[in-house]
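Please treat every number below as a calculation from the coordinates, not as lab data. Computed from a predicted model, the values in this text were never measured in an experiment. With ideal geometry, Cβ positions are generated from the backbone for all residues, glycine too; neighbour counts draw on all protein chains shown.
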């Protein structure tokens, strides 16, 4: 079994691509133990010396969906992948504003979760503090700067996948396993970027 972690923020389309590969493969029974780590892109853009997003009431809406994901991950783990994919889809397919409590609750209701209850839980300090803990650990210990970042042991790699699995579990498995294999087979590979994309 491969054990690793992956950062996410629902705002990022590349995080959406990677996490959809993960969700499809895991649903298909991939033998991976994955820890899903919240990471705030809003916090990344706070200027040095500025108020952290988790301490700034004006930024609370920016953390809403991410915090809801944390609540589902921790309190409804058997429904996390469904909610995870649905929240990404709401943002990137439907163009919904995940800073609005009713929108997030509606997305969660749509996958059979108690949306209002989860959004109310977001209003407590616990989810934001969990985001802060995970984010600061990723930055301070692993120099993480974005999403999605795959973490294996004490090694972290930012990955940008350009396509989604479209329900193809074999493709999802190959894609994620290919990323994991690079950790060991090419540890010195720091950047591998196509200059153009074939269509």
State the number of residues belonging to the stretch 27-71 that are in contact (Cβ under 8 Å) with a residue 12 or more places away in the chain and under 30 Å from residue 180 (Cα atoms). 25
Out of all the residues in the stretch 15-46, which are under 17 Å from residue 98 (Cα atoms) and part of a helix (DSSP H, G or I)? 15, 16, 41, 42, 43
Only one of 167, 146, 106, 115 is more than 26 Å from residue 55 (Cα to Cα) and either under 15 Å from the mean Cα position of the chain (by Cα) or free of Cβ contacts under 8 Å to residues at least 40 places away in the same chain (or both). Can you tell me which? 106
